[in-house]
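Values in this text are rule-based calculations from the coordinates and carry no lab data. Everything numeric here is computed off the predicted structure, so don't read it as measured data. As a convention, Cβ positions derive from the backbone with ideal geometry for all residues, glycine included, and neighbour counts pool all protein chains shown.
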Amino acid sequence: MRFEGKTALVTGAASGMGFLFSECFLKEGGNVVLADFNEEALQEKTAGLLELYPGRATGVLTDVRRYEDAVKARDKAVETFGRIDVLANFAGGTARRILKVPGELEFPDVPIDVFDFGLDVNLKGPFYMDHAVLSVMREQKSGVIVHLGSVTGVDGDPKGMDYPTAKAGLMYGLTKSVAQYGAKYGIRCVSVSPGPVLTREAMAKLRTLLGRAAEPQEVVDLILYLVSDQASFITGENIMIDGGRSVMPK
Ligand SMILES: NC(=O)c1ccc[n+]([C@@H]2O[C@H](COP(=O)([O-])OP(=O)(O)OC[C@H]3O[C@@H](n4cnc5c(N)ncnc54)[C@H](O)[C@@H]3O)[C@@H](O)[C@H]2O)c1
């Protein structure tokens, strides 16, 4: 029960690793505010968790691309549970996939709106969430912020250029900067950067040194450790969890 009495605000909580993290955080005694822009999935997932953990979960419709929504999510967490111990920024994904851009289109032929979307979700979203939540953590003099990077932030991608650009910004610039700012207030900030994870079947095709993609639980277990007191001396760090993909012989 590592999270008894603690509250996590989780973006991208209606699906994939964000949902799994929320479930595990509740299982270990914590409270969770699920934030997502998919209203139907958010309602369904929040209702399911509330049945299992009465009074310890709530949902807030949040598009992380909008600063007012980041503030709304923060305020909902404070009004409901009185504090925010963990901000877990799971909301993200490649704009080309989410917006269904045909695979054959090269970078200059994809409308710039697609890349605006990708940069907004993957970089400005966590930036907005961190900005909104840090005032609460500063007041509390404690807190942990997690960013979801990606092996693509190290490797690059000649097609979906928004994604590696945004993820590299999170993994290094934002993670280090928030850690530097937060230290004097007892706030830690870490980045976790997966390789392929089986939240989608297509990920099974990607190569890794270990010859397989990750189970979502393997990534979530690392994040649960990092937000727990067991990881109290880790901050400003990007941790790769990619089955060795980033160190494969080229
Ligand atoms: N799955 C992988 O192989 C993999 C690999 C590396 C990094 N990641 C990163 O891990 C994170 C979670 O991945 P996943 O596969 O579990 O994702 P997922 O696609 O299963 O879930 C993402 C969730 O984010 C929500 N979301 C998207 N845009 C949003 C917005 N603007 N505002 C609020 N919510 C929004 C979606 O509705 C969805 O519920 C993402 O940031 C992703 O980039 C995933």
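Here the 3J(HN,Hα) profile of the stretch 40-49, calculated from phi with Karplus coefficients 6.51, -1.76 and 1.60 at θ = phi - 60°, is 5, 5, 4, 4, 5, 5, 5, 4, x, 6 Hz, Gly and Pro shown as x. When the Cα positions of Ala70, Asn38, Leu99 are compared along the charge dipole of the chain, Ala70 comes out farthest toward the positive end, with charges on each C-beta of Lys, Arg, Asp and Glu. Taking amide H as placed 1.01 Å from N in the peptide plane, Met240 has its amide H under 5 Å from the amide H of Ser193, each at least 5 places away in sequence or on another chain. Farthest towards the positive end of the charge dipole of the stretch 141-250, among the residues Gly160, Leu226, Ser150, is the Cα of Gly160, using unit charges on the Cβ of Lys, Arg, Asp and Glu. When +1 charges are put on Lys and Arg Cβ atoms and -1 charges on Asp and Glu Cβ atoms, the dipole computed for the chain relative to its Cα centre reaches about 600 debye. Across the cross-link table entries Lys45/Lys76; Lys45/Lys100; Lys159/Lys205; Lys45/Lys72; Lys6/Lys184, which are compared at the Cα atoms, the separations over 23 Å belong to Lys45/Lys100. Rounded, prolate or oblate: pick one for the stretch 1-146, where a ≥ b ≥ c are the square roots of the eigenvalues of its C-alpha gyration tensor, a/c under 1.5 means rounded, and failing that, prolate if a/b is larger than b/c, else oblate. Taking the square roots of the gyration eigenvalues as a ≥ b ≥ c, the stretch 1-146 is prolate. Centre-to-centre, using Cα atoms only, the stretch 158-195 and the stretch 100-148 are separated by 10 Å.
Under the classification rounded if a/c is under 1.5, otherwise prolate if a/b is larger than b/c and oblate if not, where does the stretch 85-156 fall, given a ≥ b ≥ c as square roots of the Cα gyration tensor eigenvalues? Note, shape of the stretch 85-156 comes out prolate. Annotation: amide H-H contacts under 5 Å for Gly59 (H modelled 1.01 Å from N, sequence separation of 5 or more, or interchain): Leu34. Farthest towards the positive end of the charge dipole of the chain, among the residues Val10, Phe117, Val86, is the Cα of Val86, using unit charges on the Cβ of Lys, Arg, Asp and Glu. Protection proxy ranking for 43-56, 164-177, using the average of other Cβ atoms within 10 Å per residue and placing the highest first: 164-177, 43-56.
In the elastic network of the chain, a GNM with C-alpha springs shorter than 10 Å, the most mobile of Val133, Val78, Val192 is Val78.
Relative to the longest principal axis of the Cα atoms of the chain, the long axis of helix 67-81 makes an angle of roughly 40 degrees. Taking Cα atoms only, the orientation of helix 125-140 departs from the longest principal axis of the chain by about 20 degrees.
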